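Novice: First, the structure itself, so that you have it in front of you.
The values are calculated or read from the model by the stated rules, or taken from the named source; none is laboratory data. These figures come from a predicted structure and were not determined experimentally. Neighbour counts run over all protein chains shown; Cβ positions are idealised from the backbone, glycine included.
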Amino acid sequence: MDTGDDEPPISLASSKLPVAEESQLDTSLELDVGANTHVEESPDKTSNDIKCTTLRKGQNLCFVCKKAHHKIARHFKIHVKENADIAKAFSLPVGSVSRKQLLENLRNRGNFMHNINVLNSGSGSLKVKRKARNEHKKYEYCIHCKGMFVRTELWRHMRRCSSKPEDQEGEVEGRKRVLCVASFIKSVSSGTVGNGLLKMLSRMHDDDIASVIRNDFCLLRFAESLYSKHGHDPSKHDYIRQKIRQLGRFLQTMRKNCPALTLEEALKPENFLNVIEAVKETAGFSMDENSYRTPSLALEIGHSLLKVSKLVHCHALMTGDEGQVKSAEAFQKLYRAKWSEYISHSALSTISDLKYNKPSKLPLTEDIAKLNKHLDESTELATAALKEDTTVKNYSNLARTTLTKIVLFNRRRIGEVSKMKLKNFVERDCSVNHEEMGLSEYERKLCHYFERVELQGKRGRKVAVLLTPDMVNALGLLIEKRRECCVPEDNQYLFAVPNCLSYYRGHQSLRRLAEECGAKKPDYLRSTQLRKEIATTSQILNLKNNELDQLADFLGHDIAVHRHFYRLSAIQNAKISKLLLALEKGNLQKLKGKSLDEIEDVTEDDDEDESEDEETIAAGESSCSDVPDEINVVSRRHMVRRKWTKTEVSAVMRHFSSHISKGNLASKKECEVCKKAQHPALKKRTIQNIRDWVRNKGLTFKRH
């Protein structure tokens with residue numbers, strides 16, 4: 001029968017135990033909380049309804065009745081029918097290790113509630129596991145057992161804590177990481193932050209900004225909102241931490257003038273101008289140049305502040321705080337009216353100015369060929385090595401080369417391919433019936449050759465990657481060797497990292513392989529530059545609107561992105577300069593009916609070219625009816641034009657009758673072949689005359 005505590009209190013003065021055992025001692029500590037426990041002001045001062053604020057030596061707090069008792073284990077028997085955890089503890093054999101551990105956790109739970117109340121009130125006695133010899137030592141919580149330990153010894157206890165979850169048994173956290181987690185536990189001990197958010201925030205670097213974050217309730221509420229929206233995706237955790245730290249930096253700047261200011265107080269209408277100045281200072285605004293050192297930071301802080309204001313507004317509506325509702329609405333009204341004037345306009349102008357005359361970094365064709373060749377060789381070697389010897393190194397080499405090869409072939413965003421899920425590849429659909437789609441024989445062969453995998457792209461768009469048989473075989477080998485290479489079963493990514501729940505980063509692989517392939521400009525071989533290359537060079541092709549839409553959809557963005565952001569300056573210069581030269585020479589009238597592609601040379605101004613241009617103008621008025629063989633010369637504006645003869649018309653129709661009926665244009669090469677084949681009938685006609693005549697006849701045919 002259990003009549004008391006499993007272990008009686010041990011006096012620290014007479015103890016000769018080593019540190020490993022001393023850390024398990026239970027000692028009540030009477031102290032000034034503000035001086036010795038590194039207490040940071042908690043945002044929530046609500047009481048835990050604990051009547052006893054002072055625990056005597058040997059006493060522990062019951063988390064059920066919230067009263068102090070000397071024999072806490074014996075007292076728990078009173079609450080057996082009230083709490084399932086207590087009932088479970090007493091159902092275990094007396095003296096067993098499991099029973100002792102569970103009772104210890106129950107004892108720590110009550111003491112944890114007591115310590116929270118002491119920290120929130122700023123007075124009383126803390127119940128710590130072991131009193132420090134130095135009275136000025138600081139204390140922190142263990143996140144597993146909720147016991148309070150000396151700050152410098154906490155990391156040692158957490159490595160062997162009996163309450164540590166089984167899935168974390170092999171994890172070893174460093175001192176700095178443990179203290180960061182403990183600081184967040186103590187700061188958010190009011191219970192408003194979930195375990196998932198707490199774990200995510202604990203990965204943040206422990207510095208002054210992290211201290212600002214964990215001690216501002218409104219900022220933690222904003223973090224919880226972002227985590228509710230994006231927390232299910234581990235790849236978005238860095239994004240959430242970045243957003244929170246941006247506001248932390250802003251709040252840190254605001255507190256230079258008012259140290260006790262909170263984020264909720266900063267978003268009051270009377271502080272709007274102070275908010276403007278703090279954002280400018282955080283983003284590095286220069287009054288002389290009217291520009292920002294980091295313009296994107298100013299814009300992002302503004303978006304986040306508006307979201308926080310909306311959160312405060314919603315919370316005030318739920319609590320019925322009319323004053324807070326009016327304050328939040330007033331701030332949002334000021335934001336909509338004045339934010340662009342004070343912040344956004346200058347920030348956007350700075351971003352726009354940085355893009356002017358920015359040199360093009362399109363990758364060289366020969367560098368892409370070298371990278372492709374290097375990837376083929378590396379993939380072949382990595383595949384053979386992994387089949388022969390299943391090691392983590394060989395697995396990693398094959399995963400990196402295959403990842404880079406898919407990115408390069410599909411011109412896909414690196415993040416989309418890197419985060420490809422295993423189920424996306426396994427559940428790919430290969431059952432499409434291509435024969436009923438009206439495709440050509442060549443197109444049907446391509447559909448059978450490539451395999452299509454659909455995945456989630458930017459802004460939730462569904463995008464696809466095409467895989468060659470070599471890529472499919474390499475991915476199949478990676479999946480086959482996952483277990484042997486120690487890839488956890490919980491890792492949902494296709495390019496999984498062994499002994500980790502993360503994935504290989506494509507930008508690191510692409511950068512390394514670009515340097516290894518011997519490219520002249522390896523820094524141009526990046527995902528963004530490769531995507532820009534296909535988007536800009538596609539302008540050279542005569543793509544129809546629906547074809548351009550398909551290309552933009554495959555790349556994962558809207559058609560407007562092609563037309564407004566991917567302009568090829570060299571092509572634009574070559575096309576428009578021909579029109580400007582024609583205007584300068586006064587020859588624009590001669591180019592009537594021509595497209596920019598059909599304008600060849602406007603620099604020469606001799607009678608022969610003028611005659612040929614007038615022949616082009618008159619070509620649309622000619623017909624296939626009988627025309628006299630003699631040449632009709634008509635004087636008009638000091639220029640002559642020569643009608644097409646019946647012989648010339650018949651010669652051209654033999655080659656381009658189908659072009660005219662379909663409205664297709666004739667290429668230069670086709671016109672050269674026609675002129676040579678119909679010599680001497682077309683002796684007096686130039687290549688451009690033939691092209692223009694075919695185009696004009698096609699337009700006339702289409703019009704009628």
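Novice: Out of the residues in region 371-405 that are within 29 Å of the chain's Cα centre (by Cα) and basic (Lys, Arg), which is nearest to Val465 (Cα to Cα)?
Specialist: This residue is Lys405.
Novice: Restrict the check to region 477-488 and report whether at least one residue is at pLDDT 90 or above and either in contact with a Lys or Arg (Cβ under 8 Å, 6 or more places away or on another chain) or hydroxyl-bearing (Ser, Thr, Tyr) (or both).
Specialist: Scanning region 477-488 turns up at least one residue that is at pLDDT 90 or above and either in contact with a Lys or Arg (Cβ under 8 Å, 6 or more places away or on another chain) or hydroxyl-bearing (Ser, Thr, Tyr) (or both).
Novice: Something else about it: Identify, please: which residue in region 70-104 is touching a Gly at 6+ places or on another chain (Cβ under 9 Å), not in a loop (DSSP other than H, G, I, E, B) and not β-branched (Val, Ile, Thr) and is, among those, surrounded by the fewest Cβ atoms within 10 Å (Cβ to Cβ)?
Specialist: Within region 70-104, the subset touching a Gly at 6+ places or on another chain (Cβ under 9 Å) is 70-74, 104.
Keeping just the survivors that are not in a loop (DSSP other than H, G, I, E, B) gives 72-74, 104.
Pick out the ones that are also not β-branched (Val, Ile, Thr) and you get 73-74, 104.
Numbers: Ala73: 23, Arg74: 14, Glu104: 21.
Here the answer is Arg74.
Novice: What is the one condition in (1) at pLDDT 90 or above; (2) surrounded by 12 or more Cβ atoms within 10 Å (Cβ to Cβ) that Asp367 does not satisfy?
Specialist: (1)
Novice: If you don't mind, there's one more thing I want to ask. Please go through region 414-423 and give me each residue that is in contact with a Ser or Thr (Cβ under 7 Å, 6 or more places away or on another chain) and closer than 12 Å to Leu510 by Cα, ordered by number.
Specialist: First, the residues of region 414-423 that are in contact with a Ser or Thr (Cβ under 7 Å, 6 or more places away or on another chain): 414, 419.
Correct list: Ile414 only.
Novice: How many residues does region 443-458 contain that are in a strand (DSSP E or B) and basic (Lys, Arg)? Before the answer, list the steps.
Specialist: Restricting attention to region 443-458, the residues satisfying the condition of being in a strand (DSSP E or B) are 451-456.
Filter once more, keeping what is basic (Lys, Arg): 452.
Number of matching residues: 1.
Novice: So for region 59-67 (the condition being in contact with a Pro (Cβ under 8 Å, 6 or more places away or on another chain) and either at pLDDT 85 or above or at negative phi (or both)), does at least one residue qualify? Even if it seems obvious, please write down each step before you answer.
Specialist: Filtering region 59-67 for residues in contact with a Pro (Cβ under 8 Å, 6 or more places away or on another chain) gives none.
Checking region 59-67: not a single residue is in contact with a Pro (Cβ under 8 Å, 6 or more places away or on another chain) and either at pLDDT 85 or above or at negative phi (or both).
Novice: Across region 425-442, which residue is farthest from the chain's Cα centre (by Cα) among those that are modelled with pLDDT of 75 or more, within 18 Å of Ala464 (Cα to Cα) and in a helix (DSSP H, G or I)?
Specialist: That would be Val426.
Novice: Then there's this: Using beta carbons and a limit of 7 Å, which pairs, at least six apart or on different chains, have the first residue in region 53-75 and under 10 Å from Arg107 (Cα atoms) and the second one acidic (Asp, Glu)?
Specialist: Qualifying pairs under 7 Å: Ile72/Asp5; Ala73/Asp2; Ala73/Asp5; Ala73/Asp6.
Novice: Then there's this: Identify the single condition in (1) touching a residue at least 40 places away in the same chain (Cβ under 8 Å); (2) small (Gly, Ala, Ser); (3) loosely packed, with under 12 Cβ neighbours inside 10 Å that Ser352 does not satisfy, given that it satisfies every other one.
Specialist: (1)
Novice: For region 626-640, state whether one or more residues are at pLDDT below 50, under 17 Å from Leu591 (Cβ atoms) and among the acidic types (Asp, Glu).
Specialist: For region 626-640, residues at pLDDT below 50, under 17 Å from Leu591 (Cβ atoms) and among the acidic types (Asp, Glu): absent.
Novice: Here are Leu261, Leu267: which of them is surrounded by 15 or more Cβ atoms within 10 Å (Cβ to Cβ) and in contact (Cβ under 8 Å) with a residue 40 or more places away in the chain? Break it down into steps so the answer makes sense when it comes.
Specialist: Details: Leu261 fails: in contact (Cβ under 8 Å) with a residue 40 or more places away in the chain.
Result of the check over Leu261, Leu267: Leu267.
Novice: Which numbered condition in (1) buried (at least 18 other Cβ atoms within 10 Å of the Cβ); (2) of a type in the set (Val, Ile, Thr); (3) touching a Lys or Arg at 6+ places or on another chain (Cβ under 6 Å) is the only one that Val417 fails?
Specialist: (3)
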